[in-house]
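This report refers to the structure that appears directly beneath it.
The values are calculated or read from the model by the stated rules, or taken from the named source; none is laboratory data. A quick note: this is a predicted structure, and the numbers were derived from the prediction, not measured. Cβ coordinates were reconstructed from backbone atoms using ideal geometry, including for glycine residues, and neighbour counts include every protein chain displayed. Heads up: the accessible areas ignore ligands, DNA and RNA and are worked out on the full protein's heavy atoms, side chains in. Shrake-Rupley method; radii C 1.70, N 1.55, O 1.52, S 1.80 Å.
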Amino acid sequence: MVLSKVVAIGFVFLLLASVEKPAAAEGFYCPKTGFLVEIGMSTSEVTKQCGRPTFVQQHPIGRGRLFRWIYDFGPTSFVQILNVVGDRVVGMYEGDYGKER
């Protein structure tokens, strides 16, 4: 049972890591406020400074959930993707340029 949870969590993280490239220096600045978002921050800190994410995805991991918070700041900035477990940012990735708003 425990081994299957570890395998499931490992698979999800490997899958996510293979799809996106890591964000530079493991952090990014919110364009509107200049606030630096880093791994380990609480979701309330991120929401307070950067606003609500543009889109949220859920992925089951064991008995819990991994949330992917996607911030699209427009066509002049890269999309920022945060992996969230519980109320903490556990990883982040940079996507392609954002969409026209």
(request) Tell me which residues, restricted to the stretch 74-92, are in contact with a strand residue (DSSP E or B) (Cβ under 6 Å, 6 or more places away or on another chain) and open to solvent by less than 30 Å² (accessible area, probe 1.4 Å). (result) 79, 80, 81, 82, 83, 84, 89, 91, 92
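Residue under question is residue 66, and the condition is that it be open to solvent by less than 20 Å² (accessible area, probe 1.4 Å) and at pLDDT below 90; does it hold?
When the stated conditions are applied, residue 66 does not pass them.
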(message) Pull out all pairs, ordered by first then second residue, where Cβ-Cβ is under 7 Å, the residues are six or more apart or on different chains, the first lies in the stretch 83-97 and is within 17 Å of residue 62 (Cβ to Cβ), and the second is small (Gly, Ala, Ser).
(response) 83/91; 85/64; 88/40; 88/42
(request) Within the stretch 87-101, track down each residue that is over 18 Å from residue 51 (Cα atoms) and over 10 Å from the mean Cα position of the chain (by Cα). (result) 95, 96, 97, 100
(request) Could you please give the count of residues in the stretch 50-63 that are open to solvent by 30 Å² or more (accessible area, probe 1.4 Å), of a type outside the set (A, V, I, L, M) and at pLDDT 95 or above? (result) 5
(message) Quick check on the stretch 27-48: of everything there that is of a type outside the set (Phe, Trp, Tyr), within 20 Å of residue 85 (Cβ to Cβ) and surrounded by 14 or more Cβ atoms within 10 Å (Cβ to Cβ), which residue is modelled with the lowest pLDDT?
(response) 27
(request) Considering only the stretch 76-85, state which residues are at pLDDT 95 or above and over 13 Å from residue 37 (Cβ atoms). (result) 79, 85
